[in-house]
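A short reminder: the numbers here are calculations on the coordinates, not readings from a lab. All values reported here derive from a predicted model rather than from experimental measurement. With ideal geometry, Cβ positions are generated from the backbone for all residues, glycine too; neighbour counts draw on all protein chains shown.
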Amino acid sequence: MTTTTGTDWAAWQESWDRQQEWYMPDREERFRIMLDMVEALVGTAPRVLDLACGTGSITSRLLRRFPEATSTGVDLDPALLAIAHGTFEGDDRVRLVRADLKDPDWPAKLPYDSYDAVLTATALHWLHSEPLAALYGRIAGLVRDGGVFMNADHMIDESTPRINAAERAQRHARMDQAKRQGALDWAEWWQVAAGDPALAEPTAQRFEIYGEHADGDMPSPAWHARTLLERGFGEARPVWASPSDTLLLAVK
Ligand SMILES: C[S@@+](CC[C@H](N)C(=O)[O-])C[C@H]1O[C@@H](n2cnc3c(N)ncnc32)[C@H](O)[C@@H]1O
């Protein structure tokens, strides 16, 4: 949709998806399974928290599939949030909140104190394990009993180094090939964003906050499951995996 600012927000969503898919060709499949599990465990009209929402990738897929759902998107990046605001303008099912997930008080900024589902993708590897474990405790406090948390991310099992190296080499060879055919990587995508008058200022701000990318850890699926159990969830296990990524589901 092109709005009064003249910015084509749908085009920004498209280009964000292409850039993310360069890293994760199975990204849509991952979202599909995530929403299957939402439906299976909390139904088709859930109140969702889209954690580290970026442009609102989870929220847009959620609302397309479940029109009766509502979503709160929370993120720190002013440029990605600007795209989210442009995309969901006028849709009263969506609330967007700017907060730092490392700030212990971020839940106080949310419009609700309880959610049926907290969903996140490709984001929590921006945190180190210790703050992530603390964040899991806060998320457990936000999920209602019987509700779910799902984290889709790059999770590395260090006990399989040969598998990991082979998978990584193949993935990077494919990425190099896609790059030769014109795919934009993270840094190039941000250069294009900086050139759009609607995004130039928030893009400069996000570089002040993060630099190019925050530094974090990628612990194993077993670490995520164990930590979620320790921090208040009743069950946790992977419900989907690709050679590089895992979708971890926890039930409160
Ligand atoms: C690669 S993007 C993924 C966005 C979206 N979930 C998706 O799948 O398209 C990672 C997001 O995590 C957010 N993020 C990282 N660290 C954060 C923090 N400490 N507080 C809030 N958001 C954070 C970034 O701003 C960014 O929007």
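Would you mind calculating the relative contact order of the chain from Cα pairs under 8 angstrom and at least 6 residues apart, reporting the percent as a whole number? Write down the numbers at each step before the final one.
Working: 403 pairs, mean separation 54.6, N = 252.
Dividing the mean separation by the residue count of the chain yields 22 percent.
Applying the Karplus parametrisation 6.51 cos²θ - 1.76 cosθ + 1.60 with θ = phi - 60° to the phi angles of the range 236-248, what ³J(HN,Hα) value in whole Hz is obtained for each residue in order, glycine and proline being reported as x?
7, 6, x, 10, 6, 8, 9, x, 10, 10, 9, 10, 9
Just the Cα atoms of the range 72-123: what Rg and Dmax do they give in Å?
Cα-based Rg and Dmax for the range 72-123 come out at 11.3, 30 Å.
Based on a Kirkwood Rh over C-alpha pairs, give the Stokes-Einstein translational diffusion coefficient of the range 114-252 at 20 °C and viscosity 1.002 mPa s in µm²/s.
On the way: Rh = 17.0 Å.
D, rounded to a whole number, is 126 µm²/s.
Find the relative contact order for the range 9-133 and round it to a whole percent, using C-alpha pairs within less than 8 Å whose residues are 6+ positions apart.
Numbers: 156 pairs, mean separation 33.6, N = 125.
Reported as a whole number, the value is 27 percent.
Please state the relative contact order of the range 78-220 as a whole percent: Cα pairs under 8 Å, 6+ residues apart?
34
When only alpha-carbon atoms are used, what values of Rg and Dmax, in angstrom, describe the chain?
Cα radius of gyration and Dmax of the chain are 17.7, 53 Å respectively.
Taking amide H positions as placed in the peptide plane 1.01 Å from N, state which residues far from residue 152 in sequence (5 or more) or on other chains have amide H under 5 Å from it.
Amide H to amide H, under 5 Å and 5 or more residues apart or across chains, residue 152 pairs with 120, 121, 122, 248.
With 10 angstrom as the radius, rank 72, 55 by how many other C-beta atoms surround their C-beta, starting from the fewest.
The fewest-first ordering by Cβ neighbours comes to 72, 55.
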